[in-house]
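To start, the structure itself, in structure tokens.
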Amino acid sequence: MRSASHERVSARRFCAATAGRCTRRATLAGALLALGLGVLQLAGCASEPEGRADLLEFLRDGSTTRTQVELALGEPSAQFESSRVLAYRLRRDRGGYVLLRRRDDWAAVQYDLMLLFDADGVLQRHSLVEVHAP
């Protein structure tokens, strides 16, 4: 028959042995989780938006409104002349034009789309200006 002190010692050894395995399992699980998150993050960086060949086709001098432009392209990168001139940053890839946001790196910008509106908010003239050669 075993004594109570022997059972306590055995329980301690069991806990110590099990804790080592549990700690190794937790460490392995944490490492796998970190690796998985890293792969997902890299996949997100690698999947840049595909350009659209038709992105700017809706622009018509004399008829397109500022509201239509803002609905299609979002907030402009810059505004000038009391907001009568809007500027959008773009780049071009194999699919067409990609709209860039203010936070995007300036080195990625290949074109500025410049839009001039009249007092009624109707597009008077637009121009795609190359700022960095593709």
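The values are calculated or read from the model by the stated rules, or taken from the named source; none is laboratory data. None of the values given here were measured: they were computed from a predicted structure. Here the Cβ is made from the backbone with ideal geometry for all residues, glycine too, and neighbour counts use every protein chain on show.
This table checks each residue for (1) hydrophobic (A, V, I, L, M, F, W, C); (2) outside any helix (DSSP H, G or I); (3) surrounded by fewer than 13 Cβ atoms within 10 Å (Cβ to Cβ); (4) modelled with pLDDT of 95 or more.
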position: LEU35; (1), (2), (3), (4): yes, no, yes, no
position: LEU40; (1), (2), (3), (4): yes, no, yes, no
position: GLY44; (1), (2), (3), (4): no, no, yes, no
position: PRO49; (1), (2), (3), (4): no, yes, yes, no
position: LEU56; (1), (2), (3), (4): yes, yes, no, yes
position: GLY62; (1), (2), (3), (4): no, yes, yes, yes
position: VAL69; (1), (2), (3), (4): yes, no, no, yes
position: ALA72; (1), (2), (3), (4): yes, no, no, yes
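For VAL131, indicate whether it is in contact (Cβ under 8 Å) with a residue 24 or more places away in the chain and aliphatic (A, V, I, L, M). Break it down stepwise before answering.
Numbers: in contact (Cβ under 8 Å) with a residue 24 or more places away in the chain: no; aliphatic (A, V, I, L, M): yes.
Here the answer is no, as VAL131 does not meet what is asked.
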Practice problem: Kindly indicate which of ARG91, ARG84 is assigned by TED's automatic domain parsing to the domain that holds ALA119, out of contact with any Ser or Thr (no Cβ under 6 Å at 6 or more places or on another chain), farther than 18 Å from ARG103 by Cβ and of a type in the set (Lys, Arg). | Solution: ARG84
